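Would you mind keeping the following structure in view while I ask a few things?
The values are calculated or read from the model by the stated rules, or taken from the named source; none is laboratory data. From a predicted model like this one, the values you see are computed outputs, not experimental measurements. Here the Cβ is made from the backbone with ideal geometry for all residues, glycine too, and neighbour counts use every protein chain on show.
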Amino acid sequence: MDPKRPWECADMSQVRAEIDRIDAALVDLIAERFAYVERAWQLKKNPGEANVPWRIQQVIDGVKTQARQRGLPSEMIEMVGAQWRNMIGWFVQYEEEKLRQQEASSGGPRE
């Protein structure tokens, strides 16, 4: 079944079905992003490489710009930035922990 545009929805059940479709796609995209984070920590050498402030800011600025270009209200733009900062913070902690575990099991940082 093809997705409906918002104005094509004739009732709330259609609106809810489209929101559920979008939510499922968002979860799939987050899982795909996580797979790249999983690969990223494998390419890094030590826990200090997990937190890259300039890159975090670059990503957050990018999603906020995209949200702005899509015409979202300013409050939503800030919320998108905050959500990304939260998600990235979790990913950074995840990478740091994986790298610490790897360091501990190998006896020190990788060369």
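Please name all residue pairs, on different chains or six or more residues apart, with Cβ atoms under 6 Å, provided the first residue is in the range 57-70 and is without any contact (Cβ under 8 Å) to a residue 12 or more places away in the chain and of a type in the set (D, E, K, R) and the second residue is part of a helix (DSSP H, G or I) and surrounded by 16 or more Cβ atoms within 10 Å (Cβ to Cβ).
Here the result reads Arg68/Ile77, each pair linking the range 57-70 to a residue that is part of a helix (DSSP H, G or I) and surrounded by 16 or more Cβ atoms within 10 Å (Cβ to Cβ).
Could we say that Arg33 is under 26 Å from Pro3 (Cα atoms), under 13 Å from the mean Cα position of the chain (by Cα) and part of a helix (DSSP H, G or I) here?
The answer is yes for Arg33.
Only one of Ile77, Ile56 is within 30 Å of Gln101 (Cβ to Cβ), in the same structural domain as Gln102 (by TED's automatic domain parsing) and surrounded by 13 or more Cβ atoms within 10 Å (Cβ to Cβ). Can you tell me which? Don't jump to the end; show me each part of the working.
Working: Ile77 fails: within 30 Å of Gln101 (Cβ to Cβ).
Residue meeting the stated conditions: Ile56.
What tally of residues in the range 43-53 results from selecting those that are within 19 Å of Trp90 (Cβ to Cβ) and surrounded by 12 or more Cβ atoms within 10 Å (Cβ to Cβ)?
6
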